[in-house]
Structures are given as structure tokens and as C-alpha cells.
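Engineer: Sharing a structure here in C-alpha cells format.
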Amino acid sequence: MGQNGDEPTIGQLVANASKDLSGLVRGEIELAKTELKKTAVKAGTGVGMFAAAAFLLVLVIILLSIAAAFGLTAAGLDPAIAFLIVAGVYLLIAVVLVLIGRRTLAGAKGPQRAIESSKESVEALKAIGKGDQEPALESRPEPGVPR
């Protein structure tokens with residue numbers, strides 16, 4: 001209450017508003033923490049499910065490989081030859097994937113324009129630092145405009 005007992009002073013109003021605002025911010029932070037905790041638990045559960053599915057898929061591939069080898073054996077091949085054929089097919093698939101991956105990585109280049117622009121900026125700053133010359137702003141390309 002104020003000095004005459006009926007209305008609060010401006011200082012009291014500001015103090016109350018500040019206290020209410022800080023309480024509101026603390027409440028919002030707690031709410032965000034609670035929501036993030038629930039989201040993290042759900043995300044962790046989802047990742048665990050994907051990991052379990054991946055493990056089961058590996059087991060399926062192994063079992064299908066064995067079944068394919070036994071199928072070749074049932075077709076009249078020696079079991080050792082049948083398992084070598086299945087292994088050879090997997091080896092061939094792996095080699096093809098390595099070659100495709102190597103070609104893809106060879107085609108990947110770094111940020112060439114950004115590197116060039118950074119070098120130009122360094123040179124311009126060096127020139128300014130030496131006091132030799134003003135950098136030519138007209139010769140610098142505009143950001144986002146291809147050369």
C-alpha cells in the first residue's frame with residue numbers, strides 16, 4: 001500500500017511487476033524443461049526401436065543367406081560351393097557399393113566460393129592494416145551472386 005494506505009506507489013508497482021515477471025519466466029522455463037524431458041524420452045525410445053529393427057534386419061539377412069546357400073545345395077551343388085557363391089554375391093555387392101561411394105566422395109567439393117571470398121577478405125584486411133590502399137569494393141562480388 002501507498003503512503004496514505006489506499007493505493008500502492010509506483011515503486012511498489014514496479015517491484016510487484018518485476019516479481020511477477022520473474023515468476024512467470026521461471027514457470028515457463030520449468031514447463032520447457034518438462035516438455036523437453038518428455039520429448040527426449042520419446043526420442044530415445046524411438047532410436048531404441050530403430051536400433052532393434054536394424055539388429056533384426058541383420059539377423060534376417062544372415063538367415064536368408066543361409067537359406068539361399070541351402071537352396072543352392074538342394075539344387076545339386078556341394079554345400080561348400082553353395083556358401084561360397086552366396087559369399088561371392090555379397091562380396092560383389094560390397095565392391096559395387098565401395099566404387100559408387102568412392103565416386104560420390106570424389107565429386108564432393110568444399111565451399112570453393114566461400115574460401116575464395118574469405119581469402120579476398122583477409123587480403124583486404126591486410127591491405128587496410130598496412131595502410132597501403134583502400135580495398136576496391138567495386139571488384140568484390142555481391143553475396144549470393146554467382147560468378
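Engineer: So, G129, is that one of a type in the set (G, A, S), over 28 Å from the mean Cα position of the chain (by Cα), exposed (fewer than 10 other Cβ atoms within 10 Å of the Cβ) and part of a helix (DSSP H, G or I) or not?
Structural biologist: yes
Engineer: From the list A87, A69, A94, which residue is in contact with a Ser or Thr (Cβ under 9 Å, 6 or more places away or on another chain), part of a helix (DSSP H, G or I) and surrounded by 10 or more Cβ atoms within 10 Å (Cβ to Cβ)?
Structural biologist: A87
Rundown of residues vs (1) surrounded by fewer than 10 Cβ atoms within 10 Å (Cβ to Cβ); (2) modelled with pLDDT of 80 or more, yes/no style:
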site	(1), (2)
L99	no, yes
A108	yes, yes
Q133	yes, no
V145	yes, no
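Engineer: Another question about this same structure. Just one of the numbered conditions (1) closer than 28 Å to I93 by Cα; (2) part of a helix (DSSP H, G or I) is not true of G76; which one?
Structural biologist: Checking G76 against (1) closer than 28 Å to I93 by Cα; (2) part of a helix (DSSP H, G or I), the one that fails is (2).
Engineer: Now, a different point. Among A80, A124, which is the only one that is within 26 Å of V58 (Cβ to Cβ), among the hydrophobic types (A, V, I, L, M, F, W, C) and surrounded by 10 or more Cβ atoms within 10 Å (Cβ to Cβ)?
Structural biologist: On inspection, the qualifying residue turns out to be A80.
Engineer: While we're looking at this one, here's another question. Can you tell me which residue among A114, A124, A53 is part of a helix (DSSP H, G or I) and at pLDDT 95 or above?
Structural biologist: Numbers: A114 fails: at pLDDT 95 or above; A124 fails: at pLDDT 95 or above.
Checking each option against the conditions leaves just A53.
The values are calculated or read from the model by the stated rules, or taken from the named source; none is laboratory data. A quick note: this is a predicted structure, and the numbers were derived from the prediction, not measured. Methodologically, a virtual Cβ is constructed for each residue, glycine included, from the backbone with ideal geometry; neighbour enumeration extends over all protein chains shown.
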